[in-house]
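The values are calculated or read from the model by the stated rules, or taken from the named source; none is laboratory data. Only a predicted model underlies this, so the values are computations on that prediction, with no experimental measurement involved. Because the Cβ atoms are built from the backbone with ideal geometry, glycine has one as well, and the counts that use them run over all protein chains shown. Just the protein is used for accessible areas: all its heavy atoms, side chains included, with ligands, DNA and RNA removed. Shrake-Rupley method; radii C 1.70, N 1.55, O 1.52, S 1.80 Å.
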Amino acid sequence: MHQIQITPEKCLQDGICVQTCPFGLFRDHPDGIPEIVDGAGELCIGCGHCVAICPGEAISLDGQGPEWCDPVDRTWAPSKEQILYHFRSRRSIRVYKEEAVDRPTLESLLDLARWAPSARNGQPVHWIVFQDHEAIHNLARLVVDWMRHKNLLPEIVHAFDNGKDMINRHAPCLVVAHASEQALKPVEDCSIALAHIEAAAPAFGLGGCWAGFFMTAAQQYQPLVDVLDLPQGHRVYGALMLGVPRFSYRRIPPRQELQVQWR
Ligand SMILES: Cc1cc2nc3c(=O)[nH]c(=O)nc-3n(C[C@H](O)[C@H](O)[C@H](O)COP(=O)(O)O)c2cc1C
Ligand code: SF4
């Protein structure tokens, strides 16, 4: 239940809230000041768009007006060329320096993922961050146990037995996203949050790689599920290795042709 309020003296009567609220919770009114529809409090998803967009600073949500929002400064936006370069030059990083990733950096990365989109603004993502080398290695060992048990990928098992971790890649940090199975779209929401972190990592001097083997095992191998000790009803929906890249890529490799039908 949310509380939406319009301060009439501040309203510029531009109708922007009417057009932008995702659930149409503001309605044009003959006196010019939009009205809030019946039952809006229950329908509102708390996305904050109305507060964030109103030029007159007339709207507050749950008692929090524009003064609770950071300003948007377009001069900070990266250029089109910078964005193209950034996304094309990102790579999955699998070889890391031994140095630990400091906690303030990790906190900044996790924090930015709070602004990732989520279904109905549910923001269901929870995190576990492993920074202890031994703990990360033990998680990899459990994934290898699962592979052995399932008779999967014997070459990866063999490599692990010989000191090469192709599960967590000897990464100094493993970030695990989990959410309630009852969330509306936990797979998508966790994946998008992790994708935000992976995309932002280079700006912090870090690189990352999705921990696919770990993710799969963490959803089904009970000894690993037990070690993770998630809250009741939660599942792992994604995981990312992070660390300082040992090597720098010098080129952007080719990719398949764009496959698209324009209709
Ligand atoms: C998996 C997923 C499904 C979504 N589906 C819809 C949708 O069907 N219609 C819609 O208007 N917004 C949809 N959204 C957008 C969310 O409502 C939005 O991300 C959330 O309200 C937070 O707002 P923001 O993205 O502007 O921060 C979806 C987002 C996600 C991640
Ligand atoms: S917070 Fe979002 S859903 Fe709620 S009234 Fe404002 S714009 Fe509409």
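For the stretch 33-43, putting each phi into the Karplus relation 6.51 cos²θ - 1.76 cosθ + 1.60 with θ = phi - 60° gives couplings of 8, x, 9, 8, 5, 4, x, 4, x, 7, 7 Hz, in residue order, rounded to whole numbers and with x for Gly and Pro.
Residue ranking by accessible heavy-atom surface, 1.4 Å probe, largest first, among Val144, Val18, Val95 comes out as Val95, Val18, Val144.
A helix-only calculation puts the chain at -9500 deg cm²/dmol for mean residue ellipticity at 222 nm, using -39500 (n - 2.57) for each DSSP H run of at least four residues, averaged over all residues. Ratio of Rg to Rh for the stretch 4-68: 0.91 [Cα atoms; Kirkwood radius as inverse mean 1/r over pairs].
In degrees from 0 to 90, rounded to the nearest 10, what is the angle of the helix 133-150 Cα long axis to the longest principal axis of the chain? That works out to roughly 80 degrees. The order of Lys97, Lys80, Lys150 by accessible area, most exposed first and with a 1.4 Å probe, is Lys80, Lys150, Lys97.
Computed as a quarter of the hull surface, the mean projected area of the alpha carbon convex hull for the chain stands at 19.2 nm².
Among Thr75, Thr216, Thr20, the residue with the largest mean-square fluctuation in a Gaussian network model of the chain, with springs joining Cα atoms closer than 10 Å, is Thr75. Among the chymotrypsin sites (Phe, Trp or Tyr not before Pro) in the stretch 108-206, none sits in a DSSP loop with a Cβ that has at most 10 other Cβ atoms within 10 Å. Phi-derived couplings, Karplus 6.51 cos²θ - 1.76 cosθ + 1.60 at θ = phi - 60°, listed residue by residue for the stretch 209-225: 8, 4, 9, x, 4, 4, 4, 5, 5, 5, 8, 9, 9, 4, x, 6, 4 Hz, with x used for Gly and Pro. With contacts taken as Cα pairs under 8 Å at a separation of at least 6 residues, the chain carries a relative contact order of 20 percent.
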